[in-house]
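Reading through the structure tokens given below for one structure.
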Amino acid sequence: MTTSSATTQPGPIQAFWPILARAATEADPAAAPESGSAREAKLDAMCDWIIHCERRGVALTHMSGNNAVGRRVEDADAPEVLQGLSKAVLERYVRELQQARRIDKFQLTATGGKIWLGAIDGPMARGEYEAVTGRDNV
């Protein structure tokens, strides 16, 4: 029995994957793999923005209404590093921050759902939050 020492060449499918990955990244930069430090910077910026908005009385929501992170990311107070990211990426960052116990979701009314984002120990957690936005009150 003889063993071949020739190197195996990638098949047509395996050779095509780098091209697909590059095309997907060029079409949607948010699909590009993030380095650890770049990703952490974006998570930190998201966390800081959520806490800043809560303290100012203009809290964000995860996915609901006009205050959703996916809508408000284009506001002037949104971190530049988050602008241009897809809604799906922003929503994933919120879930990751919540799982890491850096933020949480809160209910502001007896009949409302837990949709408002804030710090674990912030004004919402202490029952001291006062909304100053008229964004959804029109």
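Readers should treat all values here as calculations from the given coordinates under stated rules, not as data from a laboratory. What you see is a predicted model; the values in this text were computed from it and never measured. Cβ atoms come from the backbone with ideal geometry, glycine included; neighbour counts cover every protein chain shown.
For the range 99-114, the Karplus equation 6.51 cos²θ - 1.76 cosθ + 1.60, evaluated at θ = phi - 60°, returns couplings of 5, 7, 6, 8, 9, 8, 9, 10, 9, 9, 10, 4, 9, x, x, 7 Hz by residue, with Gly and Pro reported as x. Each residue of the range 66-83 was assigned a 3J(HN,Hα) from its phi angle through the Karplus curve 6.51 cos²θ - 1.76 cosθ + 1.60 (θ = phi - 60°); the sequence is 6, 9, 5, 4, x, 8, 7, 4, 8, 5, 4, 8, 6, x, 4, 5, 8, 5 Hz, with glycine and proline shown as x.
Can you put Val69, Val89 in order of Cβ neighbours within 10 angstrom, beginning with the fewest? Provide the component values of the computation, followed by the final result.
Working: Val69 23, Val89 17.
Lowest count first: Val89, Val69.
Ranked for footprinting exposure by Cβ neighbours inside 10 Å, fewest first, Arg102, Arg39 give Arg39, Arg102.
With semi-axes defined as the square roots of five times the eigenvalues of the C-alpha gyration tensor, the equivalent ellipsoid of the range 70-113 measures 22, 14, 10 Å, largest first.
Rounded to the nearest 20 Debye, what is the dipole magnitude of the range 40-138 about its Cα centre when Lys and Arg each give +1 and Asp and Glu each give -1 at the C-beta?
320
Cross-link partners of Lys105 among lysines, defined as those whose alpha carbon lies under 16 angstrom from its own and excluding same-chain residues fewer than eight positions apart: Lys114. Residue order for Cys53, Cys47, fewest other beta carbons within 10 angstrom first, comes to Cys47, Cys53.
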